[in-house]
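I have placed the structure first, in the form of structure tokens, so that the comments after it can refer back to it.
The values are calculated or read from the model by the stated rules, or taken from the named source; none is laboratory data. Not measured: the values here are computed from a predicted model. Ideal geometry is used to build each Cβ from the backbone, glycine not excepted, and the neighbour counts take in all protein chains shown.
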Number of protein chains: 2
Amino acid sequence: MKAISRAAIIAVGSELLTPSRTDTNSLFITEQLNLLGIEVAFKNIVGDDRAELENAVRGAIARVDLLVCCGGLGPTDDDLTRPVVADVLKRPLVEDEEITARIRARFQGRGLEMPEINRRQAMVPVGARVLENANGTAPGLWIEEVERVVLLLPGPPRELKPMMTAVADGPLLERAAGQPLVRRVIRITGRSESHTEEAVQPLYAEWSRAAIPISVTILASLGQIELHLSACCTSRAAAEAALDDAVERVKAVMGMHVYSTDGRALEEVVGAILTDRKLTIGVAESCTGGLITSRLTDVPGSSRYVERGLVAYSNNSKVELLGVPEATLAAHGAVSEPVASAMAEGVRSRSKVDVGIGVTGIAGPDGGTPEKPVGTVAIAAVSPSGSRVRTFRFVGGREMVKFQASQAALDMVRRMLLEP
Amino acid sequence: MKAISRAAIIAVGSELLTPSRTDTNSLFITEQLNLLGIEVAFKNIVGDDRAELENAVRGAIARVDLLVCCGGLGPTDDDLTRPVVADVLKRPLVEDEEITARIRARFQGRGLEMPEINRRQAMVPVGARVLENANGTAPGLWIEEVERVVLLLPGPPRELKPMMTAVADGPLLERAAGQPLVRRVIRITGRSESHTEEAVQPLYAEWSRAAIPISVTILASLGQIELHLSACCTSRAAAEAALDDAVERVKAVMGMHVYSTDGRALEEVVGAILTDRKLTIGVAESCTGGLITSRLTDVPGSSRYVERGLVAYSNNSKVELLGVPEATLAAHGAVSEPVASAMAEGVRSRSKVDVGIGVTGIAGPDGGTPEKPVGTVAIAAVSPSGSRVRTFRFVGGREMVKFQASQAALDMVRRMLLEP
């Protein structure tokens, strides 16, 4: 059997050929393949169209060792991946009774009867290995030939990701050929892309000449910058060590602006600090509308430290729920540092938690004034050891302002707890 | 010369084959093509690799009337689109002195001398029409043959977009087969993909035989199903009318499960009903952790109807903030319909709003029991005209449970207000 070093990915679905949808599954798949030293030679995107899909499958399997198809495994007429691949590989489709039983049980578990069309999802090309789907009805398929492997994955990311991970740890690991490509993601907040670039630039030249060269991509997104470092080496351990060293160099330059080097989101980092110090937190939000509390509670186990969250959208609710003095509101306006501080203090004392956050601002599109334009947000954080307050000016539309404000508030808590 | 009705897009660049970058240029290109009635048959993504690019170009021009390549027009060794396309079309490359002069002037305008390698950007396949680039050095190329057109565009979006717009208004307009493609998106919640498919299936056959055929794609995502309908007709107005009719047919079959036919999200639909009826809302959330309030406040103008949101994560906060009787908590447990109802009533009466939502459940991964497994969520809604309460069993991980619960809660409010 041939070792796998080159792959192609075909994303299937007519929605991926419209102006509103882009294929993102291939990014996760690529990451998993690269970690095994498998390079992606090209990607194709085809609609739910038999002729185009067949042409793409035929063209791809002639050029690579591994073809990954994602999508088109549903139960409807539109879902063509299974029959087309079976055709091209000349393997008849037969019903796998075990899969039918599993799908039926899945529907029954939710008090529903399995629609007959779902039987299609149990059709398997002869000789294929069935990959279980923990989060949906469509099983994946691993079809091994002498010269190549064809892997079929379901389209929904929550079904595809665990399945791809299982394949990368299992059958694919055994057949992968290449030099592992290892990556690290460094997450930074509170700095612009150009500031980050300027600070890190001197390291680039050095890294490109190193025994194990490290390449860098800088990616700016809303409220954060990511540095993606990668190294390729026959020894995975050596590549990991080179990257560990590189990460330390970036941390030395960027200091507290680096909040994560292990893939964790900011809410996870804050949650870990709170857990570590046995602190509880309460959040008082106005313009972020619950987003900060929602992000904090996205983290498993957050019920140990999130006591409550109060979304005080009206002035009245700021007074009633948080005890913000009416005089403070009248003197400074709802969007002001004194009100943010009173909100943070209010949620902290009333709910008897250790850390309080207060956020008040103008998310837009209406409500801005010349002195306080849309995007103006006052954020306060209080803890037993001190407090902080600051006014930000964020750019962009309503949801962008909300997200950036939530990012700044979580980062303020992180820094307040970590810095002396 | 053949009229253009089918296109393919090839995005060129090795960065597009890494785990962190996705091609987005094709979305803009697709939009422009669709408006001229040109369908995108498939998309390819290839790296800066001569063999793969050549294979993709050769394969594509055999199947479509228009091939659009974006990227790979820079001045470096990596930039292969120009020579590869010239090779495949058997048109020698010759230097266009006018382009060289223009690039030289561009550099001089910034006080710089043109590097010699930039001459490559002035190399043009014989017979090609040069497309000016207002925002960069790489000109685009329009290469017209009897059977097809090949269009080369630069990769940076700010260079590509104005050039594509100019092409769509100019040479492409003259050759487009010219049946505009119009789309509608119908959003459905509270039904599975297969149930929706079964219900709508009888319409498919009819639509495919209609005077203006309508094609349908069904897309399932978390907590909702989307039906994408599209129609293609020489008269745009006729296509719109056919789609209007088709949307009504789907509404007749799916009834209240259809929540939007105009692109609006569920929180916008709920917001519009509240605004319309001059009602205010308060939300009491446990397992959704603020997500419902955050979604409601994503909508511009929501401060008119969102009075407050209370995230009562601990039992203590449910009693203190919402007045949930301790006896109810003790008798039924925190995750129960009586507690959800008491939360909805509590937020409604304490904050003096018209509509109250109460949500309590187990988002996981911990906290499940045999009787109340992870994913069990009790949701209640109260209004002046009535109340509802129901227990759901959602599947998937923590964030998935949170999202589905928020979707079900918003939908419960929508139905409570719309149904007699």
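Miscellaneous remarks
- Residues being under 20 Å from B:L73 (Cα atoms) and either facing chain A (nearest Cβ under 9 Å) or part of a strand (DSSP E or B) (or both) - total across the range B:31-50: 6
- If you check B:S302, B:S336 for being surrounded by fewer than 24 Cβ atoms within 10 Å (Cβ to Cβ), touching a strand residue (DSSP E or B) at 6+ places or on another chain (Cβ under 7 Å) and in the same structural domain as B:T391 (by TED's automatic domain parsing), only one passes: B:S336.
- In a residue-by-residue description of the range A:364-373, the property of being farther than 20 Å from B:P300 by Cα and either surrounded by fewer than 21 Cβ atoms within 10 Å (Cβ to Cβ) or modelled with pLDDT under 95 (or both) applies to at least one position.
- The residues of the range A:1-24 that are more than 10 Å from chain B (Cβ to nearest Cβ) and under 23 Å from the mean Cα position of the chain (by Cα) amount to a single one, A:V12.
- Qualifying residues in the range B:266-276 (those that are within 22 Å of the chain's Cα centre (by Cα) and of a type outside the set (D, E)) - the one surrounded by the fewest Cβ atoms within 10 Å (Cβ to Cβ): B:A272
- Residues of the range B:320-337 satisfying the condition of being part of a helix (DSSP H, G or I), within 41 Å of the chain's Cα centre (by Cα) and modelled with pLDDT of 95 or more: B:L322, B:E337
- Pairs, first within 7 Å of another protein chain (Cβ to nearest Cβ) in the range B:290-304, second of a type in the set (K, R) and in a helix (DSSP H, G or I), C-beta under 8 Å, six or more apart: B:L291/B:K402; B:S294/A:K402; B:T297/A:K402; B:D298/A:R398; B:D298/A:K402; B:P300/A:R398
- Residues that are surrounded by fewer than 16 Cβ atoms within 10 Å (Cβ to Cβ) and assigned to a strand (DSSP E or B) within the range B:130-178 comprise B:V130, B:E144, listed in sequence order.
- Screening B:S230 against (1) in a helix (DSSP H, G or I); (2) farther than 28 Å from B:F394 by Cβ; (3) not aliphatic (A, V, I, L, M) leaves a single unmet condition, (1).
- Exactly one residue out of A:V57, A:V85, A:V94 is on the phi < 0 side of the Ramachandran plot, more than 10 Å from chain B (Cβ to nearest Cβ) and part of a strand (DSSP E or B), and it is A:V94.
- Considering B:V335, B:V359, B:V339, the condition of being β-branched (V, I, T), away from chain A (no Cβ under 14 Å) and within 27 Å of B:G396 (Cβ to Cβ) is satisfied by B:V339 alone.
- Residue in the range B:245-265 that is buried (at least 20 other Cβ atoms within 10 Å of the Cβ), within 21 Å of B:N34 (Cβ to Cβ) and more than 21 Å from the chain's Cα centre (by Cα) present: yes
- For B:T280: the one exception among (1) in contact (Cβ under 8 Å) with a residue 24 or more places away in the chain; (2) in contact with a helix residue (DSSP H, G or I) (Cβ under 8 Å, 6 or more places away or on another chain); (3) more than 18 Å from B:L35 (Cα to Cα); (4) not assigned by TED's automatic domain parsing to the domain that holds B:M400: (4)
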